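Heads up, the thing below is written out as structure tokens.
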There are 6 protein chains.
Amino acid sequence: FINGKLCKDPKLATPEDFFFSGLNIPGNTSNQVGSMVTPVIVSGLNTFGISLVRIDFAPYVGLNPLHTHPRATEILVVVQGTLYVGFVTSNPDNRLFTKVLYPGDVFVFPLGLIHFQFNIGHTNAVAFAALSSQNPGVVTIANAVFGSDADINPDVLAKAFQLDKNIVNQLQSRFWSDNDNRN
Amino acid sequence: FINGKLCKDPKLATPEDFFFSGLNIPGNTSNQVGSMVTPVIVSGLNTFGISLVRIDFAPYVGLNPLHTHPRATEILVVVQGTLYVGFVTSNPDNRLFTKVLYPGDVFVFPLGLIHFQFNIGHTNAVAFAALSSQNPGVVTIANAVFGSDADINPDVLAKAFQLDKNIVNQLQSRFWSDNDNRN
Amino acid sequence: FINGKLCKDPKLATPEDFFFSGLNIPGNTSNQVGSMVTPVIVSGLNTFGISLVRIDFAPYVGLNPLHTHPRATEILVVVQGTLYVGFVTSNPDNRLFTKVLYPGDVFVFPLGLIHFQFNIGHTNAVAFAALSSQNPGVVTIANAVFGSDADINPDVLAKAFQLDKNIVNQLQSRFWSDNDNRN
Amino acid sequence: FINGKLCKDPKLATPEDFFFSGLNIPGNTSNQVGSMVTPVIVSGLNTFGISLVRIDFAPYVGLNPLHTHPRATEILVVVQGTLYVGFVTSNPDNRLFTKVLYPGDVFVFPLGLIHFQFNIGHTNAVAFAALSSQNPGVVTIANAVFGSDADINPDVLAKAFQLDKNIVNQLQSRFWSDNDNRN
Amino acid sequence: FINGKLCKDPKLATPEDFFFSGLNIPGNTSNQVGSMVTPVIVSGLNTFGISLVRIDFAPYVGLNPLHTHPRATEILVVVQGTLYVGFVTSNPDNRLFTKVLYPGDVFVFPLGLIHFQFNIGHTNAVAFAALSSQNPGVVTIANAVFGSDADINPDVLAKAFQLDKNIVNQLQSRFWSDNDNRN
Amino acid sequence: FINGKLCKDPKLATPEDFFFSGLNIPGNTSNQVGSMVTPVIVSGLNTFGISLVRIDFAPYVGLNPLHTHPRATEILVVVQGTLYVGFVTSNPDNRLFTKVLYPGDVFVFPLGLIHFQFNIGHTNAVAFAALSSQNPGVVTIANAVFGSDADINPDVLAKAFQLDKNIVNQLQSRFWSDNDNRN
């Protein structure tokens, strides 16, 4: 077991261990945020240092909401549609970097920074994204902050986000859909 | 220049390049969140793979608000006071791990996960925290989301955080104090 | 300068430093092998640990010929067409792993192993490939062996490849087109 | 098992796996050198890349004797007392870097170099030290040289240290107390 | 198990786990290429990050044929004889770097590049080579290309190497001796 | 400049940058310890992750005295003579691992541990040693402890080594020859 997966004896590996099919199939974007991340799952070998996903966006305005990857930089290429994408740099400047992307355009989201992709076109949008780890991790900010399995103390959230405590309570009682359940 | 700093010729290094003073001086917690992070700045050499800060918390209820370190795990020891601390695991579970810490207690915040420390005692609280990088980076979540230098499209934030767009606009117009300006 | 490129002061970075356009444009496959690799070139920042290319293949039988990446594992997704792909494991077994890929299929080529992609369909084929380094390197086997800038001693090649020396001389006098000039 | 410890299934982790208590309790310095290192032991997870210790020093003249950490740089902050600290650079210069530290002062001991801390004050001294590995290792020089489990050939030691062989024999017959039994 | 080997409990390690004998014994060069690589095999511990081999070459003209190490740079010292050595840089330049080496001469072969050593003297030649990984891997180019366990599609090889398909078929039917069976 | 050396533009590199001669020449062992380490110095490129030395030992009893390499594991092969070699494990066990080596024998000295080689034969002895870093560093224990450029406080040394202060003073006033001046 390495990184939580069983390592095969290399002599027993087969081409199937390096193969995955299905990235031609659109992900189901019928959820709160209107997007879905479909990961490539390659069994048996897990020291590749890289991974790949397909991301589908519902037409105006499917959103891959603000999130980070604790262990990876991401490089994304748009295959279809029009995406408004961005990330915010770390303290103290918190600079916003954004771009509107069309098919064939590529954007890089540096390791650990908060980023998003937003379908501002009136058709479905599709992108492929590669990540610099076989186990990048995903922290969807709103889900981690307001939708954790047990509630964070509302006083902490009210103070951190300058929100009325009633609003915090409302947010914590909501359902937070998960468009990216890599683990 | 490595990691943005000038590397000295080792033959010209002096003890001062390995020395820093001032972690006995309380940080100024007179700000919105009631906490201050004081980093150790060691000139000249920057490939140590480690760094150290002092964190001060105002009495009930100084908060080091939700943030991540893109490039470091953090280990914290409480020197004075009572801290309620926690982090949230990555998708899909978003499990909340919390603990109340007293002097001499230690807690670890894994790389890239959202975490916070909250003074639930009625005295000042003080902690030292070490990080597994000389350049860990800090992303204060609320500041990056609602206080970036240019505003993130409010439609993105309203959808991601299930907030009324008026509230997003209000949050974006607020001042977000920076209690941790490491860069 | 890191890895041979100038590192920008992060404060001067702009969204353009994270952006590249043109992966929607087919590469020119009018060469000996009938394929072309189009790399993403992202200026200014070069510590991403990842890179991306588009690969175009002429109809039956465009070939991305046998090559290695000295510093990267590759993950490839087929966007259009039908590719017969493969790699050979290292000594002592030299096992051949192959697969026929259709759109949406993904295959992984482990670090440093000899691999190829071959268009066995009667239309153009297109793939995206991500690599686990910003500077993966490419060694096209035939070009390095028979087309180096100065000729390798023909006795070495005749013995290593069990080839008649006349054939070695012929091969060394040929033109070896370069379908992948990343450096 | 990674680095000699069992890795928990992350789904079974609890806050206790990130928690340690007791760094408020002075270590027992009643030994030959007059100091004690108390490590933080965090069960279950061992890929943190960082560790933390408390070091206690008896009043004038508790010593954390010359030692190295084969796999870590150390950053130390004085909490109480007055420490004379130092390290020696590698060949060929063997430069001595020293500093007298008071509460709030910080010093860095680079990876693998011989270093020490010496209480030159007339009260107990206390420091926290963080190390850039979860498994830094400790080689106490005198213990490894003169107190190894089987004796090093005395001719080797006499020649290496320019010592009379009788003195080597005496040193090898002594008890060498262990103030730092991290492993 | 790490990297396919059982990791001993360090407390059970013995000097034998760090010891290997036999590099004084010439390897058997009675094979097609006239060379033999004898690796050091050190049981029990496999995280050393380094390995060592002896290479024997038959008199005029023993050849260690073109190969790569996917995970290591190699540094070679000639102990006896005269070797013509070389490597070819990666695309797009494919520059040939060569040198004639005599006893006491040293040459470095960078990670992942195709290289060879050729005995141009009329005596046996002997070299030691160290590699920057405990598990460098070896890809003997001709064996991987023409001698894989299942044949690569001959159309692929004919096109990649500008060879007549009959010649490809002949090469694939030959025996390819293995002078380096590290795995 | 990387690791203190100028990095050449790869396009300007020549075979000389990968070449070193002279390891056939015995090092001068006319010094206090009766041994000499001759390093390979390869100009221009310094990211190889490996280095190589020749070590010469005067007949009975040349000694490569107790030392550590802060950044490398070492693998040594005996070419001539008979060496008694050993290392001591880290705390708390400080186990001594030794072996008598004859020509063709190999021994591994793990990263950061104190080790030595001792010529117990009546002829010159010669070994090659490879290290898992291009910049391994050398800390000769006696030289760093008793021969640093400025003296370590004798009270520190007397206490750490259980030596009479007069003996410490004598040792500090001696000349400590340097048989290994890699830096």
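The values are calculated or read from the model by the stated rules, or taken from the named source; none is laboratory data. Being a predicted model, the structure only gives us computed values, none of them experimental. Glycine gets a Cβ as well: all are built from the backbone with ideal geometry, and neighbour counts include every protein chain shown. Please note that ligands, DNA and RNA were not included when accessible areas were found on the heavy atoms of the full protein model with its side chains. Shrake-Rupley method; radii C 1.70, N 1.55, O 1.52, S 1.80 Å.
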| task | Would you be able to tell me the number of residues in the range B:100-156 that are touching a Lys or Arg at 6+ places or on another chain (Cβ under 9 Å), aromatic (Phe, Trp, Tyr) and closer than 24 Å to residue D:127 by Cα? | result | 2
| note | If we keep only residues of the range A:41-64 that are in a loop (DSSP other than H, G, I, E, B) and at pLDDT 95 or above, then the residue nearest to the other protein chains (Cβ to nearest Cβ) is A:61
| task | Determine whether residue D:98 is among the hydroxyl-bearing types (Ser, Thr, Tyr) and closer than 23 Å to residue F:149 by Cα. | result | yes
| task | Identify the single condition in (1) at pLDDT 95 or above; (2) open to solvent by 20 Å² or more (accessible area, probe 1.4 Å) that residue A:78 does not satisfy, given that it satisfies every other one. | result | (2)
| request: Check the range F:92-115 and report whether any residue there is more than 10 Å from chain D (Cβ to nearest Cβ), open to solvent by 10 Å² or more (accessible area, probe 1.4 Å), among the hydrophobic types (A, V, I, L, M, F, W, C) and within 17 Å of the chain's Cα centre (by Cα). | output: no
| message | So, residue B:83, is that one assigned by the TED database to the domain that holds residue B:41 and open to solvent by 10 Å² or more (accessible area, probe 1.4 Å) or not? | response | no
| message | Please pick out the residue among A:166, A:143 that is facing another protein chain (nearest Cβ under 8 Å) and farther than 30 Å from residue C:20 by Cβ. | response | A:143
| For the range F:9-26, how many residues are closer than 20 Å to residue E:127 by Cβ, open to solvent by less than 50 Å² (accessible area, probe 1.4 Å) and not aromatic (Phe, Trp, Tyr)? | 4
| query | Hey, residue D:137 hits all of (1) at the interface with chain F (Cβ under 7 Å from one of its Cβ atoms); (2) over 21 Å from residue F:117 (Cα atoms); (3) open to solvent by 10 Å² or more (accessible area, probe 1.4 Å) but one; which does it fall short on? | reply | (3)
| request: Could you please give the count of residues in the range E:28-45 that are surrounded by 20 or more Cβ atoms within 10 Å (Cβ to Cβ) and of a type in the set (Gly, Ala, Ser)? | output: 2
| message | Looking at (1) open to solvent by less than 10 Å² (accessible area, probe 1.4 Å); (2) among the aromatic types (Phe, Trp, Tyr); (3) more than 7 Å from chain D (Cβ to nearest Cβ); (4) over 17 Å from the mean Cα position of the chain (by Cα), which one does residue F:161 not meet, given that it meets all the others? | response | (3)
| said: Scan the range B:119-127 and tell me whether some residue there is closer than 26 Å to residue A:113 by Cα, outside the structural domain of residue B:145 (by the TED database) and surrounded by fewer than 24 Cβ atoms within 10 Å (Cβ to Cβ). | reply: no
| request: Could you please tell me which pairs satisfy a Cβ distance under 6 Å, a separation of 6+ or placement on different chains, a first residue in the range D:5-19 that is within 13 Å of residue B:108 (Cβ to Cβ), and a second residue that is modelled with pLDDT of 65 or more? | output: D:15/B:97; D:15/B:99; D:17/D:43; D:18/B:107; D:18/B:108; D:19/B:99; D:19/B:107
| request: Please indicate, with yes or no, whether at least one residue in the range D:10-31 is within 14 Å of chain F (Cβ to nearest Cβ), farther than 22 Å from residue F:113 by Cα and polar (S, T, N, Q). | output: yes
